[in-house]
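**Q** Could you have a look at this structure, given as structure tokens, before my questions?
The values are calculated or read from the model by the stated rules, or taken from the named source; none is laboratory data. Computed from a predicted structure; not experimentally measured. Note: ideal-geometry Cβ built from the backbone for every residue, glycine included; neighbour counts use all protein chains shown. Surface accessibility is based on the protein's heavy atoms, side chains included, excluding ligands, DNA and RNA. Shrake-Rupley method; radii C 1.70, N 1.55, O 1.52, S 1.80 Å.
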Amino acid sequence: MNKNYYAILMAGGVGSRFWPVSTTDFPKQFHDMLGSGDTLIQKTFSRLSKLIPVENILILTNERYNGLVLEQLPMVKQEQVLLEPAMRNTAPCILYASLKIQKMNPNAVMVVAPSDHWIEDETAFAQNLQNCFEFCQKENALMTLGIKPTFPNTGFGYIEYDKSDSNPIKRVNQFREKPNYETAKAFLDAGNFLWNGGIFIWSTQAIIEAFDTFQPQMKALFQQGMEVYNTPKEADFIQENYANAENISIDYAVMEKAQNVYVLPATFDWNDLGTWGQLHEKLDKDGQNNAVVNATVILENASNNIIRADGKKLIIVDGLDDFIIVDREDVLMIYPKSKEQDIKRITALANNL
């Protein structure tokens, strides 16, 4: 394996649209959402470790999830787990990890990947990632893997690339915000728009130079810790300084400003598993399009539902179409799939009871 390859695995999110399974104390990346026997973070780590040495994979997460990370990834050492003492979106934690990696290996190229996405063709993923690594070793480039859109999705940001670029790796013209339906349809018709899947690849030199240019205050804040990174004093520095960083995403902080941004249209199937409906799409289903995870069921006049339970509980459903049915500890949720975007609001109400 190439010792210059590194990964930053992003595992700090809460996944509130998967309530009541995903909670603040136990988010979706630590659950076996697909009923496959592995949690989402375990599947992602395994996928990355086919190309990247295990010791070169860093996990970025919130302090409260440190124990879960070490329990589910026993091959990982504590020093590979970077703990955020405050929620500051993706830019500060990526800069922090990038400076650590640069100190370890100035020749490093790295991928930043969410821990909770679904990718079926892992061979294609590894090949796409290899192509990006090789490009970033030669070029001063900030890269992303773009997802070919299959329908006019209004829930994703889009990447517009140069239509005249005949190379496999395309120069990015601009990032576009989540569109309305008509705009999303126009994007698909144009043929040079990809979904922004939040997977980034670059050399440490390229990303740190970008922070120096576009986020000099943040760069100066974290640069102060270079002497203590990868030493026992690192934790104290981060505890004292991390919360002073601006709360901003890597997209807004760097990617939308930089001119040296490239995209490789991915050749693998992808789903960000952001909602119960998206999970339903990826699960095996019966003849009436019902998907069942960890439950024993009797279904009559029931179709298009997703049903999940703990402990193989028997669930009997009659007369429901297109519902989310989840039994988890002391919560039973029976909710229309068409209103799944409201689950985040329902979660807040339930937490206040």
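**Q** Of the conditions (1) open to solvent by less than 20 Å² (accessible area, probe 1.4 Å); (2) more than 21 Å from the chain's Cα centre (by Cα); (3) within 30 Å of Gln341 (Cα to Cα), Asp286 fails just one. Which one is it?
**A** Of the numbered conditions (1) open to solvent by less than 20 Å² (accessible area, probe 1.4 Å); (2) more than 21 Å from the chain's Cα centre (by Cα); (3) within 30 Å of Gln341 (Cα to Cα), the odd one out for Asp286 is (1).
**Q** Name the single residue, out of those in region 1-33 being assigned to a loop (DSSP other than H, G, I, E, B) and among the hydrophobic types (A, V, I, L, M, F, W, C), that is most open to solvent (accessible area, probe 1.4 Å).
**A** This residue is Met1.
**Q** When you check Thr61 against the structure, is it crowded, with 17+ Cβ neighbours inside 10 Å and outside any strand (DSSP E or B), yes or no?
**A** no
**Q** Within region 186-225, how many residues are more than 23 Å from Tyr262 (Cα to Cα) and surrounded by fewer than 17 Cβ atoms within 10 Å (Cβ to Cβ)? Don't jump to the end; show me each part of the working.
**A** Filtering region 186-225 for residues more than 23 Å from Tyr262 (Cα to Cα) gives 217-218, 220-225.
Subsequent filtering for residues that are surrounded by fewer than 17 Cβ atoms within 10 Å (Cβ to Cβ) retains 217, 220, 223-224.
Residues that pass the stated criteria total 4.
**Q** Also: What number of residues within region 300-353 are at positive phi and either free of Cβ contacts under 8 Å to residues at least 60 places away in the same chain or aliphatic (A, V, I, L, M) (or both)?
**A** Residues in region 300-353 being at positive phi and either free of Cβ contacts under 8 Å to residues at least 60 places away in the same chain or aliphatic (A, V, I, L, M) (or both): 6 in total.
**Q** Please state which of the following conditions Leu70 fails to meet, knowing it meets all the rest: (1) surrounded by 18 or more Cβ atoms within 10 Å (Cβ to Cβ); (2) part of a helix (DSSP H, G or I).
**A** Going through the list (1) surrounded by 18 or more Cβ atoms within 10 Å (Cβ to Cβ); (2) part of a helix (DSSP H, G or I), Leu70 breaks only (1).
**Q** Follow-up question, since we're still on this one. Would you point out which residue out of Trp276, Trp270 is in contact with a Gly (Cβ under 9 Å, 6 or more places away or on another chain) and open to solvent by less than 30 Å² (accessible area, probe 1.4 Å)?
**A** Within the list Trp276, Trp270, the selection yields Trp270.
**Q** Would you say Ala91 is open to solvent by less than 10 Å² (accessible area, probe 1.4 Å), touching a residue at least 60 places away in the same chain (Cβ under 8 Å) and touching a strand residue (DSSP E or B) at 6+ places or on another chain (Cβ under 7 Å)? Steps first, answer last, please.
**A** Details: open to solvent by less than 10 Å² (accessible area, probe 1.4 Å): yes; touching a residue at least 60 places away in the same chain (Cβ under 8 Å): yes; touching a strand residue (DSSP E or B) at 6+ places or on another chain (Cβ under 7 Å): no.
Judged against the criteria, Ala91 is not a match.
**Q** When you scan region 76-168 for strands (runs of 3 or more DSSP E) that lie fully inside it, which ones turn up with 3 or more residues that are out of contact with any Leu (no Cβ under 6 Å at 6 or more places or on another chain) and under 25 Å from Ile208 (Cβ atoms)?
**A** Qualifying strands (runs of 3 or more DSSP E): 81-84, 109-114, 142-147.
**Q** Please go through region 163-182 and pick out each residue that is in contact (Cβ under 8 Å) with a residue 24 or more places away in the chain and open to solvent by 50 Å² or more (accessible area, probe 1.4 Å).
**A** Of everything in region 163-182, those that are in contact (Cβ under 8 Å) with a residue 24 or more places away in the chain and open to solvent by 50 Å² or more (accessible area, probe 1.4 Å) turn out to be Lys163, Pro168, Arg171, Gln174, Lys178, Asn180, Tyr181.
**Q** Please identify the pairs in which a residue from region 145-160 that is in contact (Cβ under 8 Å) with a residue 12 or more places away in the chain and polar (S, T, N, Q) has its Cβ atom under 6 Å from the Cβ atom of a residue that is open to solvent by 40 Å² or more (accessible area, probe 1.4 Å) and not in a loop (DSSP other than H, G, I, E, B), counting only partners at least 6 apart or on another chain.
**A** Qualifying pairs under 6 Å: Thr154/Tyr181.
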